[in-house]
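Shown next, in structure tokens, is the structure this report addresses.
The values are calculated or read from the model by the stated rules, or taken from the named source; none is laboratory data. All values reported here derive from a predicted model rather than from experimental measurement. Cβ sites come from the backbone with ideal geometry, for glycine too, and all protein chains shown count toward neighbours.
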Amino acid sequence: MNYQRTQIHQKKLSTQVKAALAGILLLVFGFFWISWTGGTPVNLEKTLVIPKGAALANLDTLLEVDVSHTRFKLWKMFFAPDIVLKSGIFSVPEGTNTLEEVFVMLENPTPTEQEITLLPGWHKSEIAEAFQKNNIDGDLLAEEKNILAALTPKYPFLAGKTSLEGFLMPDTYRIAGWTDVTTMVSKMLDNFVIRIYDPFIASGKPVDAFYDVLILASIVGEEEKSSTQLPIVADILKKRLRQGWHIGADITVCYAELIPGNECQKYVNNHYSLAKSVRDAKNNIYDTRTKIGLPPTPIASVSRDAFMATLNATAETPAWYYLHDSGGVIRTATTEAEHEANKAKYLR
């Protein structure tokens with residue numbers, strides 16, 4: 001009887017030992033399984049973008065690492081370097097190939113610079129889209145009113161303006177880290193001062209004429225892309241304006257609905273195919289065929305060439321009309337009859 005009890009006790013003890021050993025093995029395996037998470041490969045480019053509001057707990061998703069989220073969280077809790085995740089655009093050192101190496105990099109990340117190119121003729125909606133694609137924090141259109149309020153003390157020419165259109169200087173800019181929209185606009189305005197506003201002040205023309213010149217220059221720049229032909233268009237449009245004619249630049253109608261440049265010509269064709277009564281009912285305040293004088297704001301970002309051509313235009317040209325032939329060469333006319341003859345000769 002005692003022998004049987006001893007055997008039973010020994011069997012129970014053996015089972016407990018086995019269970020304990022299995023538990024220890026499981027813990028050891030779990031320890032190494034979790035710790036090995038740090039060696040998970042990551043595939044990074046030369047820069048790493050950490051969006052605003054990104055959480056360290058979701059860094060595995062951002063990096064697209066091939067481990068379960070639970071395993072990542074356990075590794076982060078017990079084995080990962082202690083970091084505070086910063087948003088920005090950071091350079092990735094050579095040889096950063098694992099999850100643990102990314103964490104080490106992010107302990108003291110190095111902000112990097114990137115280039116953003118904003119083209120002449122883009123209006124603010126197109127610029128806002130470029131901002132978003134280049135990780136500039138904020139919404140240019142939604143924050144426009146606040147940006148104007150914040151920056152007007154530094155840039156007095158913004159006083160009384162309700163739109164940033166025309167003031168956003170086209171150029172290629174280098175931006176560091178995660179730039180916010182107000183900082184980006186300020187950078188563009190600094191460039192605008194150097195390339196547009198200071199030359200205007202140096203011209204000696206009345207300061208209160210500046211905005212009118214800027215508006216007309218935005219139209220001139222959209223009507224003519226050749227720097228050598230810009231003065232011709234500027235002279236004719238300034239002459240029409242001074243003489244109380246319609247400016248008659250078809251491209252301005254697109255601005256009321258912020259139509260992108262590559263879609264503008266189609267919009268123009270559709271708009272002017274409508275009956276005059278229908279067009280009048282639309283009351284497009286940017287329709288310079290029907291509205292006398294300048295539109296209320298510029299219609300696009302303004303290049304320095306377009307601005308200087310407009311600023312220096314004398315409006316003394318004998319021409320009243322112009323068109324472009326199939327090769328882009330401008331053809332001017334002094335009378336409507338001559339203009340119609342040019343249409344027949346160069347456009348048909």
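Have a look at L119, L74, L106, L85 and point out the one that is surrounded by 15 or more Cβ atoms within 10 Å (Cβ to Cβ) and either touching a Phe, Trp or Tyr at 6+ places or on another chain (Cβ under 7 Å) or more than 30 Å from G39 (Cβ to Cβ) (or both).
Working: L74 fails: either touching a Phe, Trp or Tyr at 6+ places or on another chain (Cβ under 7 Å) or more than 30 Å from G39 (Cβ to Cβ) (or both); L106 fails: either touching a Phe, Trp or Tyr at 6+ places or on another chain (Cβ under 7 Å) or more than 30 Å from G39 (Cβ to Cβ) (or both); L85 fails: either touching a Phe, Trp or Tyr at 6+ places or on another chain (Cβ under 7 Å) or more than 30 Å from G39 (Cβ to Cβ) (or both).
After applying the criteria, what remains is L119.
Mind checking which residues of segment 142-187 are closer than 21 Å to G53 by Cβ, exposed (fewer than 15 other Cβ atoms within 10 Å of the Cβ) and of a type in the set (A, V, I, L, M)?
Listed by number, the residues that qualify are A142, A176.
Out of the residues in segment 150-187 that are under 23 Å from A306 (Cβ atoms) and among the β-branched types (V, I, T), state the one that is farthest from the chain's Cα centre (by Cα).
Among those residues, the one meeting the criterion is T162.
Looking only at segment 90-136, filter to residues that are among the hydroxyl-bearing types (S, T, Y) and either touching a Gly at 6+ places or on another chain (Cβ under 7 Å) or at pLDDT 90 or above (or both); which one of those is farthest from D60 (Cα to Cα)? Show your work before the answer.
Initial filter on segment 90-136 (among the hydroxyl-bearing types (S, T, Y)): 91, 96, 98, 110, 112, 117, 125.
Right, trim to either touching a Gly at 6+ places or on another chain (Cβ under 7 Å) or at pLDDT 90 or above (or both) and you get 96, 98, 117, 125.
Working: T96: 15, T98: 12, T117: 32, S125: 34 Å.
By that ranking, first place goes to S125.
For segment 139-233, which fully contained helices (runs of 4 or more DSSP H) count at least 3 residues that are of a type in the set (D, E) and either over 30 Å from R289 (Cα atoms) or outside the structural domain of P51 (by TED's automatic domain parsing) (or both)?
Values: elements: 144-151, 181-192, 198-203, 210-223.
Where helices (runs of 4 or more DSSP H) fall fully within segment 139-233 and carry at least 3 residues being of a type in the set (D, E) and either over 30 Å from R289 (Cα atoms) or outside the structural domain of P51 (by TED's automatic domain parsing) (or both), they are 210-223.
Got a number for residues in segment 223-235 being over 21 Å from C254 (Cα atoms) and either touching a Ser or Thr at 6+ places or on another chain (Cβ under 8 Å) or crowded, with 19+ Cβ neighbours inside 10 Å (or both)?
3
I'm trying to understand the selection: among the residues of segment 296-314, which are part of a loop (DSSP other than H, G, I, E, B) and under 12 Å from P231 (Cβ atoms)?
Keep residues of segment 296-314 that are part of a loop (DSSP other than H, G, I, E, B), which gives 296-303, 313-314.
Result: A313, T314.
Counting just the residues of segment 279-303 that are under 25 Å from the mean Cα position of the chain (by Cα) and either among the polar types (S, T, N, Q) or in the same structural domain as L164 (by TED's automatic domain parsing) (or both), which one comes out surrounded by the most Cβ atoms within 10 Å (Cβ to Cβ)?
My answer is S301.
I'd like to know if segment 46-60 contains one or more residues that are under 30 Å from T172 (Cα atoms), in contact with an Asp or Glu (Cβ under 8 Å, 6 or more places away or on another chain) and either surrounded by fewer than 17 Cβ atoms within 10 Å (Cβ to Cβ) or at pLDDT 90 or above (or both). Outline the logic, then answer.
Residues of segment 46-60 that are under 30 Å from T172 (Cα atoms), as a first pass: 46-54.
So of that shortlist, the ones also in contact with an Asp or Glu (Cβ under 8 Å, 6 or more places away or on another chain) come out as 52.
Narrowing further to those that are either surrounded by fewer than 17 Cβ atoms within 10 Å (Cβ to Cβ) or at pLDDT 90 or above (or both): 52.
Looking through segment 46-60, at least one residue is under 30 Å from T172 (Cα atoms), in contact with an Asp or Glu (Cβ under 8 Å, 6 or more places away or on another chain) and either surrounded by fewer than 17 Cβ atoms within 10 Å (Cβ to Cβ) or at pLDDT 90 or above (or both).
Any residue in segment 50-72 that's closer than 25 Å to F29 by Cβ: show its pairings with residues that are surrounded by 12 or more Cβ atoms within 10 Å (Cβ to Cβ) and among the polar types (S, T, N, Q) at Cβ separation under 8 Å, as long as the two are six or more apart or on different chains.
V65/T40; D66/T40; V67/T37; V67/T40; H69/T61; R71/T37; F72/T37
Only one of these conditions is not met by T112: (1) in the same structural domain as T40 (by TED's automatic domain parsing); (2) touching a Ser or Thr at 6+ places or on another chain (Cβ under 7 Å); (3) touching a residue at least 60 places away in the same chain (Cβ under 8 Å). Which number is it?
Unmet condition: (1).
Can you find a residue that is in contact (Cβ under 8 Å) with a residue 40 or more places away in the chain and either surrounded by 18 or more Cβ atoms within 10 Å (Cβ to Cβ) or of a type outside the set (D, E) (or both) anywhere in segment 20-28? Outline the logic, then answer.
Pass one, segment 20-28, residues in contact (Cβ under 8 Å) with a residue 40 or more places away in the chain: none.
Scanning segment 20-28, I find no residue that is in contact (Cβ under 8 Å) with a residue 40 or more places away in the chain and either surrounded by 18 or more Cβ atoms within 10 Å (Cβ to Cβ) or of a type outside the set (D, E) (or both), so the answer is no.
Which of the numbered conditions does I259 fail, given that it passes all the others? Conditions: (1) modelled with pLDDT under 95; (2) not in a loop (DSSP other than H, G, I, E, B).
Only one criterion in (1) modelled with pLDDT under 95; (2) not in a loop (DSSP other than H, G, I, E, B) is unmet by I259, namely (2).
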